[in-house]
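The block underneath contains the structure these notes are about, expressed in structure tokens.
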């Protein structure tokens with residue numbers, strides 16, 4: 001009886017330690033964003049805010065930080081839209097048709113390899129290419145470059161969803177005289193709808209947090225995405241932590257909402273998400 | 001203008017097409033946009049990076065000059081590159097082992113049912129939802145030498161430690177402050193700790209899924225046969241978890257091998273070359289010194305290293321797809 005109690009106590013202590021390690025930094029981010037500077041810019045920082053303040057969020061607004069939010073939304077959405085449309089077509093083709101000489105396996109191999117190559121390896125030739133095309137320092141260029149991440153990912157995820165569509169439905173459509181394109185649009189598309197939404201959310205999360213290409217290919221601060229703005233903020237202003245944490249929260253909230261929506265697919269999504 | 005005779009033969013021998021051409025080549029047409037984009041974004045750059053690695057090319061100063069393998073020779077004499085190589089391996093191995101080990105521990109902890117589990121689970125995977133830059137800003141503020149909470153914690157714990165030491169008759173310690181990110185011997189491990197905090201949840205999720213896929217009857221049967229806790233773990237859990245463990249190890253090692261953003265935001269590669277990594281080296285050579293040739297050579301070396309690890313993963317993934 002006593003040993004059972006001791007074991008339960010041990011379990012609870014372990015759990016408490018783990019949760020403290022995991023949650024303390026998040027607690028620290030939230031409270032710091034609400035503290036007055038006297039509470040954190042000191043050798044004796046306050047564990048609890050002595051006074052709550054919204055000044056950091058106000059100064060975000062005054063510094064027009066929503067520009068970066070806007071840029072991030074724009075790039076993430078357009079990259080996702082492109083990758084979904086191109087990715088769905090490719091996934092459908094790969095799932096439904098036999099290709100000569102194992103072309104489909106080769107294609108998937110390539111997709112995986114790209115997914116695993118370090119982004120910095122591709123950075124130098126991509127930089128020169130974007131410069132030649134005049135796409136350097138534009139959102140369009142960044143959106144195209146992001147296809148490196150999101151397109152293979154979209155194909156991989158959607159392949160699974162397309163395979164779950166029963167082929168009989170398509171055969172029925174074909175018998176009714178629908179063209180293949182029409183079948184894809186009117187029959188398959190609605191059926192993979194939920195899969196598309198999940199894929200889109202992961203793709204948005206990926207591009208939302210992307211760092212290295214945005215750092216290398218965007219030059220004008222007006223066009224920065226949130227991660228680049230945060231990185232600049234960290235390195236330029238040593239201890240403006242209140243504002244820094246406020247930006248952090250602003251840039252994390254949309255992602256947290258989205259990821260709550262796809263919790264069911266979390267594992268599959270993140271297994272492929274190799275940054 | 002002359003046409004190849006075969007052309008006419010083909011024209012004649014073809015039966016009247018029942019379907020338009022875009023119906024017959026529908027599958028290829030569907031695949032084409034993806035193929036084009038991927039070729040443009042990967043094949044072309046990869047070929048280019050290999051080519052550039054044989055040139056000396058500083059594009060602020062002019063045209064590329066062919067130098068053969070000199071870039072590679074210089075690369076392996078560059079202390080920063082060698083340090084970067086070593087640090088990358090240290091970082092990758094340490095972070096991977098710690099994340100998968102802790103992840104396994106947590107997965108076992110959360111595999112049992114207890115009250116509050118459904119509430120704690122989403123909280124536990126919170127860190128991996130945050131953008132790396134957000135994670136870095138939190139930890140950089142906590143690591144700060146003067147104002148960071150970690151050093152403050154160390155200082156406020158000192159009296160308690162000294163009290164315990166006093167009980168054993170030892171002399172008290174001076175209050176210490178740690179230079180988390182500026183001590184050459186410690187900086188890399190501070191970065192590792194941040195990575196552990198952020199990505200252990202991923203290993204945890206993979207391994208928890210693995211544990212849940214093991215049928216409970218197996219354990220019950222083994223218990224009937226008289227097996228005890230450690231034997232159950234060694235004989236049932238570990239072998240059946242092998243695939244998931246492998247996946248977690250591989251994914252984390254590939255990920256950690258690319259380490260760039262944390263180094264950029266936390267230490268900038270310093271102090272000295274203490275947190276230099278290959279990715280960071282390529283970034284600095286290519287985009288700070290515009291030394292494109294050398295950076296390309298480093299890229300090629302890194303790509304080859306990653307491909308080795310990736311080959312393992314791809315084989316695993318393909319094996320599973322064809323088994324289904």
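The values are calculated or read from the model by the stated rules, or taken from the named source; none is laboratory data. All values derive from a computational prediction rather than experimental measurement. In this analysis, Cβ positions are derived from the backbone assuming ideal geometry, glycine residues included, and neighbour counts consider all displayed protein chains.
Of note:
- Here residue B:131 fulfils each of the conditions (1) free of Cβ contacts under 8 Å to residues at least 60 places away in the same chain; (2) surrounded by fewer than 20 Cβ atoms within 10 Å (Cβ to Cβ) apart from (2).
Residues are listed down the side, and each one gets a yes or a no for (1) touching a residue at least 60 places away in the same chain (Cβ under 8 Å); (2) closer than 13 Å to residue B:88 by Cβ:
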| position | (1), (2) |
| --- | --- |
| B:229 | no, no |
| B:233 | no, no |
| B:239 | no, no |
| B:261 | yes, no |
| B:266 | yes, no |
| B:271 | yes, no |
| B:278 | yes, yes |
| B:282 | no, yes |
| B:290 | yes, no |
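- Residues within region A:140-153 that are more than 9 Å from every other protein chain (Cβ to nearest Cβ), closer than 28 Å to residue A:192 by Cβ and not in a loop (DSSP other than H, G, I, E, B), tallied: 6
- Residue A:91 meets the stated requirement of being at pLDDT 85 or above and more than 7 Å from chain B (Cβ to nearest Cβ).
- Looking only at region B:268-313, and only at residues there that are outside any helix (DSSP H, G or I) and buried (at least 24 other Cβ atoms within 10 Å of the Cβ), the one that is nearest to the other protein chains (Cβ to nearest Cβ): B:277
- Residue list for region B:146-176, filter: assigned to a loop (DSSP other than H, G, I, E, B) and surrounded by 15 or more Cβ atoms within 10 Å (Cβ to Cβ): B:147, B:148
- Here residue B:97 fulfils each of the conditions (1) within 12 Å of chain A (Cβ to nearest Cβ); (2) on the phi < 0 side of the Ramachandran plot apart from (1).
- Looking across region A:164-193, the residues that are surrounded by 15 or more Cβ atoms within 10 Å (Cβ to Cβ) and either assigned to a helix (DSSP H, G or I) or in contact with a strand residue (DSSP E or B) (Cβ under 9 Å, 6 or more places away or on another chain) (or both) come down to A:170, A:173, A:180, A:183, A:184, A:187, A:188, A:191.
- Among helices (runs of 4 or more DSSP H) entirely within region A:1-82, having at least 1 residues that are within 30 Å of residue A:197 (Cα to Cα) and within 11 Å of chain B (Cβ to nearest Cβ) singles out A:2-34.
- Residue list for region A:216-228, restricted to those being surrounded by fewer than 21 Cβ atoms within 10 Å (Cβ to Cβ) and either within 16 Å of residue A:119 (Cα to Cα) or touching a residue at least 12 places away in the same chain (Cβ under 8 Å) (or both): A:219, A:220, A:222, A:223, A:224
- When residues of region A:118-134 are limited to those that are more than 8 Å from every other protein chain (Cβ to nearest Cβ) and free of Cβ contacts under 8 Å to residues at least 40 places away in the same chain, the one surrounded by the most Cβ atoms within 10 Å (Cβ to Cβ): A:131
- Enumeration of residues in region B:76-105 that are closer than 14 Å to residue B:285 by Cα and crowded, with 22+ Cβ neighbours inside 10 Å: B:81, B:84
So that you can scan it fast, the table gives a plain yes or no per residue for (1) more than 14 Å from chain A (Cβ to nearest Cβ); (2) modelled with pLDDT under 85; (3) farther than 18 Å from residue B:241 by Cα:
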| position | (1), (2), (3) |
| --- | --- |
| B:139 | no, no, yes |
| B:142 | no, no, yes |
| B:173 | yes, yes, yes |
| B:199 | no, no, yes |
| B:207 | no, no, no |
| B:222 | yes, yes, no |
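- Hey, residue B:213 within 14 Å of chain A (Cβ to nearest Cβ) and under 17 Å from residue B:110 (Cβ atoms) or not: yes
- Residue, nearest to residue A:26 (Cα to Cα), within region A:243-262, restricted to residues that are more than 10 Å from every other protein chain (Cβ to nearest Cβ) and surrounded by 21 or more Cβ atoms within 10 Å (Cβ to Cβ): A:246
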